[in-house]
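One structure is given below, encoded as structure tokens.
The values are calculated or read from the model by the stated rules, or taken from the named source; none is laboratory data. Note that the coordinates shown come from a computational prediction; the quantities given were computed from them, not determined experimentally. Glycine gets a Cβ as well: all are built from the backbone with ideal geometry, and neighbour counts include every protein chain shown. Accessible surface areas use protein heavy atoms only, side chains included; no ligands, DNA or RNA. Shrake-Rupley method; radii C 1.70, N 1.55, O 1.52, S 1.80 Å.
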Amino acid sequence: MSELNLILLGPPGAGKGTQAERLREDFGLPHISTGDMLRAQVSSGSELGVKAKRYMDAGELVPDEVIIDMIVQRVCGADARDGFLLDGFPRNETQADALAKALAGLERRLTAVLAIGVSDEEVVRRLSGRRVCVKNPGHIYHVDFDPPKHEGVCDQDGSRLIQRDDDREETIRRRLEVYHRQTAPLIDYYDRAGLLRRFDGGRGADEVHARIRATLATLRLEEEL
Ligand SMILES: [Zn+2]
């Protein structure tokens, strides 16, 4: 069976986490979120984690080589033999080149880049409507899609619901601006490489999932020919 070595691209609120979870169920692909991976390495005190922490403590960005080394180590794990789903890296063309080179060193290459597009207005609607319980942050509501029975009150324990700072419209718009500035060149880059597959994230999780599955099935068939 051919490998599925994938990158997931999309703005905050595009539902990348949901799609990653489903692809893990469908194909057994581990979801490699570089942010989570970095935190895990740092807290485990591994050699790479110690190296990364030195930069973070100095208030500097962790250099690309360190992240790449972590990714290489991770994709060599037994659970990533049939493929992986990379999320949060690369963020620019230099990193994309470095990743391609590192994968080539492992005699692997990317199968596709899955770009989930959602309009800024939809992202703002999805994220700014979120409300979380002050007592248990796992109790999450949405003013439009999943409202509590009584406004501002948690159904499960009667605690107050709040909007997190991250979910405020100004914060979301600032994050989107950064996202577009960083990602637009990357989308072009993978488009030119013939790896880009676009999905309309405005269609809802089930339909996006069905389309991604269909695309991956086709890619696998083409590779096996
Ligand atoms: Zn609650």
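With every protein chain in place and a 1.4 angstrom probe, the accessible-area ranking of 76, 133, largest first, reads 76, 133.
Scaled against the 2.2 N^0.38 Å expected of a compact globular protein of N residues, the Cα radius of gyration of the chain reads 1.10.
Of all accessible surface on the chain at a 1.4 Å probe, what whole percent is carbon and sulfur?
Numbers: 6060 of 12560 Å².
Accessible surface attributable to carbon and sulfur in the chain totals 48 percent.
In the full protein context, the chain carries 56 Å² of accessible surface per residue, based on a 1.4 Å probe and ignoring ligands, DNA and RNA. The lysines whose alpha-carbon is closer than 18 Å to the alpha-carbon of residue 135, local same-chain residues fewer than 8 away aside, are 149.
Just check segment 1-125 against the gyration tensor rule for me: Cα atoms, a ≥ b ≥ c as the square roots of the eigenvalues, rounded for a/c under 1.5, and otherwise prolate or oblate depending on whether a/b exceeds b/c. In terms of gyration-tensor shape, oblate.
The chymotrypsin sites (Phe, Trp or Tyr not before Pro) of segment 91-191 that meet both conditions, a loop assignment by DSSP and at most 16 other Cβ atoms within 10 Å of the site Cβ, are 145. At q = 0.12 Å⁻¹ the log10 of I(q)/I(0) for segment 92-225 amounts to -0.69, computed by Debye summation with a single uniform scatterer per C-alpha, solvent ignored. Could you tell me how many degrees, from 0 to 90 and to the nearest 10, lie between the Cα long axis of helix 205-224 and the main elongation axis, the longest principal axis, of the Cα atoms of the chain? Between helix and principal axis, roughly 10 degrees. Shown here for segment 1-99: GluC sites (Glu not before Pro) in loop regions (DSSP other than H, G, I, E, B) with at most 11 other Cβ atoms within 10 Å, namely 60.
Please identify every one of the GluC sites (Glu not before Pro) in segment 109-206 that sits in a loop by DSSP and has no more than 15 other beta carbons within 10 Å of its own beta carbon. Kindly include the intermediate steps, with their values, before the conclusion.
Details: sites: 121, 122, 151, 169, 170, 177; in loops: 151.
Answer by residue number: 151.
Percent relative contact order of segment 1-155, based on C-alpha pairs within less than 8 angstrom and at least six residues apart?
On the way: 176 pairs, mean separation 51.8, N = 155.
Once divided by the residue count of segment 1-155, the mean separation gives 33 percent.
Bridgeable aspartates and glutamates around residue 51 (alpha carbons under 19 Å apart, same-chain partners fewer than 8 residues away excluded): 36, 60, 64, 65, 69. If the elastic network links every pair of Cα atoms under 10 Å, which of 196, 103, 161 fluctuates the most in the Gaussian network model of the chain? Sorting by GNM fluctuation, first place goes to 161.
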